1. Would it be correct to say that residue 437 is closer than 30 Å to residue 547 by Cβ and assigned to a strand (DSSP E or B)?
2. Can you tell me which of 184, 211, 201 is surrounded by fewer than 20 Cβ atoms within 10 Å (Cβ to Cβ), at pLDDT 95 or above and in contact with a strand residue (DSSP E or B) (Cβ under 8 Å, 6 or more places away or on another chain)?
3. From the list 190, 165, exactly one residue is assigned by TED's automatic domain parsing to the domain that holds residue 115 and surrounded by 22 or more Cβ atoms within 10 Å (Cβ to Cβ). Which is it?
4. Just for helices (runs of 4 or more DSSP H) wholly inside region 484-585: which have at least 1 residues that are touching a strand residue (DSSP E or B) at 6+ places or on another chain (Cβ under 6 Å) and without any contact (Cβ under 8 Å) to a residue 40 or more places away in the chain?
5. Specify which of the listed residues (549, 533, 526) is under 29 Å from residue 435 (Cβ atoms) and assigned by TED's automatic domain parsing to the domain that holds residue 603.
6. Under the condition of being part of a strand (DSSP E or B) and out of contact with any helix residue (DSSP H, G or I) (no Cβ under 7 Å at 6 or more places or on another chain), which residue from region 466-480 is nearest to residue 419 (Cα to Cα)?
7. Could you please let me know if residue 581 is in contact with a helix residue (DSSP H, G or I) (Cβ under 8 Å, 6 or more places away or on another chain) and either surrounded by fewer than 18 Cβ atoms within 10 Å (Cβ to Cβ) or in the same structural domain as residue 456 (by TED's automatic domain parsing) (or both)?
8. Residues to consider are 174, 109; find the one that is in contact (Cβ under 8 Å) with a residue 60 or more places away in the chain, crowded, with 24+ Cβ neighbours inside 10 Å, over 30 Å from residue 330 (Cα atoms) and assigned by TED's automatic domain parsing to the domain that holds residue 282.
């Protein structure tokens, strides 16, 4: 008997057979495939998802025009031309999905009043207003409604001719239909406002035109938010009432949530601090109120156990994997074959999508989004912190084909060391992994204790299981010395010896404990804790301590907490710190640590004494440079590479990507 019988039961919609109940949602704008350097990676991304066993794969959002409906990443597709670069590109999209037995879907969107419109065009919406950024929004008249409807129909015919099985129309996240259904955004007094029947008039016209354009065999899926998440906005009751009207007019109602430009704060995305499957209860309400349409749900679903429960309990007919499809496109195949313990489960760190264009970053200085945050966001969007294979910036074809199976010694069993060993093994090399301690995990061993890091702990444990499954020779409790390297005689040495905590020259620093040591000695941590250093590590340590009953104060020299984090992850972090009453003392420097207290001084020289039962030092990490130098000298006759923190101190994402790249480069 299958462990997940409901999840892996087939479903037929308009003569299309879904081989299971797992579909992957639209991530990364489909137009990115037509940007220089992105094409092969984006096509590979969707193909991996189909090959990984998903029943249906949806490309990222495409704007229906480049006029009043333009978006952040778009290309000037002429949807009336069934030839040329764009048409052939979308044929490749569809073929790359269908050749692996998955249903090919493409998402259309129109951001209406929040579109990224370029002059001479203006964004349009249900009503006229001036946006927060000063852009004028025009009220849609019937001529504009007809234009948008015609554009959607034209784009639908184009995509069906290109070989897609269906259309996912994005009506939620504060865009298109949601602005008409929401009483907060639609205050019209004509036949398109007021009652739900009136507010649904334009959406119904669009759906009819879409069906006429696509034909009876086309799958029509509507993505819609359960709620706005703002006072006076659309509630689940409004959403259910609308879904009753469109029941049977769409094949699938795809339940998401919130407003994209307010990100996780309206549960458009969920953070690591929230429950998995957040939208399942909303999907259940819609499913109970409808008869003819199937219901799909997205939102923090990262394990087959939860997915099975959602389908088995009748909350939804299909589960949609968003960020989880980056974390492990092999999710369906692994769950189907009893290898669910090897699924890399999304940790909801927001690395793949740090924030929407207007994501509120709390205390972000004016103008810093455009000059600082947006460029950083575009560097990482679409990349996965825990699965570098998903990163479309890494193309295996760009790396050399190994000249043979190399004898590889990996020194260090943290994240970088394990990922390097796994990738090297996958490339056919004979890998030995040596770890000085008795267990693998490196710095991530702290997740065995952290209140909020259960998913990250699972990732660490998956790496350990992958090392075992690959047949990698594992030497635990083995300190690699220069003589060990000389005696081992490897062809390639990958140094992943990590980093160690920095200890600043503060009087009484010996009375403090570093963050990593603190986690493994929680029974010795007092009630009142002062953390020196307000970077990400200090903040997350403070959150864990506050969640487990401690009173926490963070002392930070800068005027901004966690400055290395931006957009949604930072907003989520700060909100959780506020919720758990973690105190911040910004613009203060610790001058002395005393028994039971710390002395701090502000920028104008005023001194303050803070009582503390425990003082934690979290001012950063330093590379283990001496160890690296000794081992590199001993390995001078071999190929030697540094990976992870011993090369450049960073986050999990830096470690996995660097390790993967180095291991791919072994010739």
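The values are calculated or read from the model by the stated rules, or taken from the named source; none is laboratory data. These numbers were taken from a predicted model, which means no experiment stands behind them. Reconstructed Cβ throughout: ideal geometry from the backbone, glycine too, with neighbour counts over all protein chains shown.
1. Spelling it out, it is not the case that residue 437 is closer than 30 Å to residue 547 by Cβ and assigned to a strand (DSSP E or B).
2. Numbers: 184 fails: in contact with a strand residue (DSSP E or B) (Cβ under 8 Å, 6 or more places away or on another chain); 201 fails: in contact with a strand residue (DSSP E or B) (Cβ under 8 Å, 6 or more places away or on another chain).
The unique qualifying residue is 211.
3. Numbers: 190 fails: surrounded by 22 or more Cβ atoms within 10 Å (Cβ to Cβ).
Only one candidate passes the filter, namely 165.
4. Details: elements: 515-519, 536-547, 567-579.
Correct list: 536-547.
5. On the way: 549 fails: under 29 Å from residue 435 (Cβ atoms); 526 fails: under 29 Å from residue 435 (Cβ atoms).
Matching residue, one of 549, 533, 526: 533.
6. At the first step, the residues of region 466-480 found to be part of a strand (DSSP E or B) are 473-476.
Now drop any that are not out of contact with any helix residue (DSSP H, G or I) (no Cβ under 7 Å at 6 or more places or on another chain), which leaves 473, 475-476.
Values: 473: 14, 475: 16, 476: 16 Å.
Checking each candidate, the answer is 473.
7. Values: in contact with a helix residue (DSSP H, G or I) (Cβ under 8 Å, 6 or more places away or on another chain): yes; either surrounded by fewer than 18 Cβ atoms within 10 Å (Cβ to Cβ) or in the same structural domain as residue 456 (by TED's automatic domain parsing) (or both): yes.
Yes.
8. On the way: 109 fails: over 30 Å from residue 330 (Cα atoms).
So the residue among 174, 109 that is in contact (Cβ under 8 Å) with a residue 60 or more places away in the chain, crowded, with 24+ Cβ neighbours inside 10 Å, over 30 Å from residue 330 (Cα atoms) and assigned by TED's automatic domain parsing to the domain that holds residue 282 is 174.
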